[in-house]
1. Does S63 satisfy the condition of being farther than 28 Å from R27 by Cα, touching a residue at least 60 places away in the same chain (Cβ under 8 Å) and more than 12 Å from the chain's Cα centre (by Cα)?
2. Where the second residue is part of a strand (DSSP E or B) and of a type in the set (S, T, Y) and the first is modelled with pLDDT of 95 or more and crowded, with 22+ Cβ neighbours inside 10 Å and lies in the stretch 78-93, which pairs have Cβ atoms under 6 Å and are six or more apart or on separate chains?
3. Among residues belonging to the stretch 1-43 that are outside any strand (DSSP E or B) and of a type in the set (K, R), point out the one that is most open to solvent (accessible area, probe 1.4 Å).
4. Among the residues of the stretch 44-54, is there at least one that is in a strand (DSSP E or B), open to solvent by 60 Å² or more (accessible area, probe 1.4 Å) and either among the β-branched types (V, I, T) or in contact with a helix residue (DSSP H, G or I) (Cβ under 9 Å, 6 or more places away or on another chain) (or both)?
5. What's the number of the only condition in (1) in a strand (DSSP E or B); (2) surrounded by 18 or more Cβ atoms within 10 Å (Cβ to Cβ) that Q118 fails to meet?
6. Pick from the stretch 94-115 the residues that are open to solvent by 60 Å² or more (accessible area, probe 1.4 Å) and either among the β-branched types (V, I, T) or in a strand (DSSP E or B) (or both): which of them is farthest from G10 (Cα to Cα)?
Amino acid sequence: QVQLSESGGGLVQAGDSLRLSCAASGRTFSTFDMGWFRQAPGKEREFVAAINRSSGNKYYADSVKGRFTISRDNAKNTVYLQMNSLKPEDTAIYYCATIDSGTYCDVNAYDYWGQGTQVTVSS
């Protein structure tokens with residue numbers, strides 16, 4: 001079992017920045033890859049970013065590439081999502097999740113999910 005807890009969401013204006021954190025417990029953090037997804041009202045959950053457990057290789061959705069940065073600190077059992085130049089269309093609940101194997105952008109490949117943190121970007 002893995003427990004995930006996101007934090008750092010909030011209400012910001014367009015162009016502002018936020019950093020989301022996701023703290024993991026229950027299993028050695030460095031044994032799984034991590035991803036961030038988001039879900040806006042009335043829409044499906046969509047892939048945002050992922051990071052490999054060992055190489056640190058990072059993958060991004062086209063919609064956030066160049067604005068968002070995923071990182072992880074295995075010593076702190078935490079993954080981060082730095083979000084810059086936020087846009088109103090980034091408004092969503094953001095979730096972190098673990099993945100052992102599979103395609104990063106496939107929501108069904110992920111095993112454990114956090115409860116989510118709300119990000120609201122006003123224009």
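1. no
2. As it stands, the answer is none, since no pair meets every condition given.
3. Going residue by residue through the stretch 1-43, those that are outside any strand (DSSP E or B) are 1-2, 8-9, 14-17, 26-32, 40-43.
Applying the additional criterion that residues be of a type in the set (K, R) yields 27, 43.
Numbers: R27: 91, K43: 137 Å².
Looking at the filtered set, the residue picked out is K43.
4. Yes, that holds for at least one residue.
5. Checking Q118 against (1) in a strand (DSSP E or B); (2) surrounded by 18 or more Cβ atoms within 10 Å (Cβ to Cβ), the one that fails is (2).
6. By that ranking, first place goes to T103.
The values are calculated or read from the model by the stated rules, or taken from the named source; none is laboratory data. This one's a predicted model, so the numbers in the text were calculated from it and none came from an experiment. Ideal geometry is used to build each Cβ from the backbone, glycine not excepted, and the neighbour counts take in all protein chains shown. The area values use the complete protein model at the heavy-atom level, side chains included, leaving out ligands, DNA and RNA. Shrake-Rupley method; radii C 1.70, N 1.55, O 1.52, S 1.80 Å.
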